[in-house]
Amino acid sequence: MSQDDETIRVYSAEADRYAKVFTPPENDPALMAFLESLSPNSALLDLGCGPGFAAAYMAKAGHSVTATDATPEMVEMAAAHPGVTAELATFDDISGTDIYDGIWANFCLLHAPRADLPKHLSALSKALKPRGLFHIGMKTGAGEKRDSIGRLYTYVTEDELRGLLRDAGLTSLDSHTGADPGLDGTVAPWVTMLARADA
């Protein structure tokens with residue numbers, strides 16, 4: 001299983017607090033850029049959707065949204081949003097070909113073991129339609145470790161992430177970096193990247 005049981009337990013226990021901590025999606029410039037690059041009525045996947053705030057915003061913008069998460073409490077929250085189809089699923093459950101016009105993988109794949117990132121990115125690339133959009137957010141650094149509340153993290157450099165995307169058939173279009181506090185209160189650097197699937 002490519003999602004860590006202890007990490008899922010933390011999110012189960014902290015689901016309500018998590019939902020209160022993070023910025024509303026309308027304040028996320030990466031989400032706005034993602035949506036602006038999509039055609040109307042796109043079929044979208046919100047991978048590792050958490051409480052479903054981004055999925056709800058996408059649905060409100062007129063898109064068809066499937067949201068997945070490995071934490072039952074998060075799926076329940078996401079399913080409560082109008083227009084969002086929420087499903088309990090791990091990264092290993094993503095399959096299929098030419099399904100989505102866009103995939104939003106915002107700070108979720110950082111919980112996958114490093115060795116599993118290539119296969120997950122390959123499956124996600126395959127699930128995108130030709131020229132489909134892919135957004136990913138990861139914390140930057142090196143190695144794997146648990147944070148102070150027990151979540152497993154895989155860290156990447158910006159160049160490493162760009163290479164992983166390229167190997168999966170995704171071409172990076174734009175990237176942004178920053179640093180913010182997480183659920184554990186620790187400020188950590190991050191990178192977001194917008195990419196497009198090969199034709």
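Brief remarks on what is shown
- Enumeration of residues in the range 17-36 that are within 17 Å of Gly182 (Cα to Cα), without any contact (Cβ under 8 Å) to a residue 12 or more places away in the chain and part of a helix (DSSP H, G or I): Lys20, Asn27
- For the range 24-37, residues that are in contact with a helix residue (DSSP H, G or I) (Cβ under 9 Å, 6 or more places away or on another chain) and not acidic (Asp, Glu) total 6.
- Selection within the range 67-103: residues that are assigned to a strand (DSSP E or B) and in contact with a helix residue (DSSP H, G or I) (Cβ under 6 Å, 6 or more places away or on another chain). The member of this set that is farthest from Leu194 (Cα to Cα) is Leu88.
- Per-region count, the range 27-47, residues farther than 15 Å from Gly132 by Cβ and polar (S, T, N, Q): 1
- Looking across the range 46-66, the residues that are small (Gly, Ala, Ser) and either in a helix (DSSP H, G or I) or out of contact with any helix residue (DSSP H, G or I) (no Cβ under 8 Å at 6 or more places or on another chain) (or both) come down to Ala54, Ala55, Ala56, Ala59, Gly62, Ser64.
- Residue in the range 146-163 that is surrounded by 14 or more Cβ atoms within 10 Å (Cβ to Cβ), in contact (Cβ under 8 Å) with a residue 24 or more places away in the chain and farther than 27 Å from Asp5 by Cβ present: yes
- Of the listed requirements (1) surrounded by fewer than 13 Cβ atoms within 10 Å (Cβ to Cβ); (2) in contact with a helix residue (DSSP H, G or I) (Cβ under 6 Å, 6 or more places away or on another chain), Thr192 misses just one: (1).
- In a residue-by-residue description of the range 51-59, the property of being closer than 20 Å to Leu109 by Cα and touching a Gly at 6+ places or on another chain (Cβ under 6 Å) applies to no position.
Every read-out reported here was derived from the displayed coordinates using simple, explicitly stated rules and does not represent laboratory data. Owing to the predicted nature of the structure, the values given are computational and were not obtained by experimental measurement. We place every Cβ from the backbone using ideal geometry, glycine too, and count neighbours over all the protein chains shown.
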